[in-house]
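Worksheet for the structure shown next.
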Amino acid sequence: MEAQARGLLETEPLQGRDEDAIASADSPSMLSEEEKEELKAELVQLEDEITTLRQVLSAKERRLVEIKQKLGMNLMNELKQNFSRGWHDVQTTTAYKKTHETLSHAGQKATAAFSNVGTAISKKFGDMRRK
């Protein structure tokens with residue numbers, strides 16, 4: 001979990017859409033000194049808010065892990081529950097039910113056919129012994 005928390009707290013600059021926003025913003029030479037100072041102050045405030053949000057998120061993730069541990073929940077249990085729920089959902093679908101019925105019926109037919117073949121072979125062996 002610690003590795004995940006560290007991954008969430010990366011301080012790498014954002015890219016993609018943020019680069020587009022920067023490219024479309026006014027160039028620094030077109031801004032007045034007052035506007036530049038306001039933007040710098042806003043930048044500092046946003047960076048502080050982002051840092052605070054990361055700290056809050058990290059604390060909440062740690063608390064989540066603590067609660068799960070106290071409840072005896074772990075990744076394996078969650079995976080088992082998800083798998084069981086998923087398998088139940090699959091079994092209740094119409095397609096599964098029809099396929100299950102068809103395969104069951106086919107299995108019964110195959111069993112009967114093998115039984116008939118086995119009986120016929122036994123009968124042939126019986127006939128051969130008598131001769």
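Hey, can you tell me all the residues within the range 91-103 that are surrounded by 10 or more Cβ atoms within 10 Å (Cβ to Cβ) and either among the small types (Gly, Ala, Ser) or in a helix (DSSP H, G or I) (or both)? Outline the logic, then answer.
Step one: of the range 91-103, the residues surrounded by 10 or more Cβ atoms within 10 Å (Cβ to Cβ) are 91, 93, 96-103.
Selection gives Gln91, Tyr96, Lys97, Lys98, Thr99, His100, Glu101, Thr102, Leu103.
Considering the range 106-131 alone, what residues qualify as being open to solvent by 100 Å² or more (accessible area, probe 1.4 Å) and in a helix (DSSP H, G or I)?
Gln108, Lys109, Phe114, Asn116, Lys123, Lys124, Phe125, Met128, Arg129, Arg130
The values are calculated or read from the model by the stated rules, or taken from the named source; none is laboratory data. Because the structure is a prediction, the values reported are computed rather than measured. Reconstructed Cβ throughout: ideal geometry from the backbone, glycine too, with neighbour counts over all protein chains shown. These area figures cover heavy atoms from the full protein model, side chains too; ligands, DNA and RNA do not enter into them. Shrake-Rupley method; radii C 1.70, N 1.55, O 1.52, S 1.80 Å.
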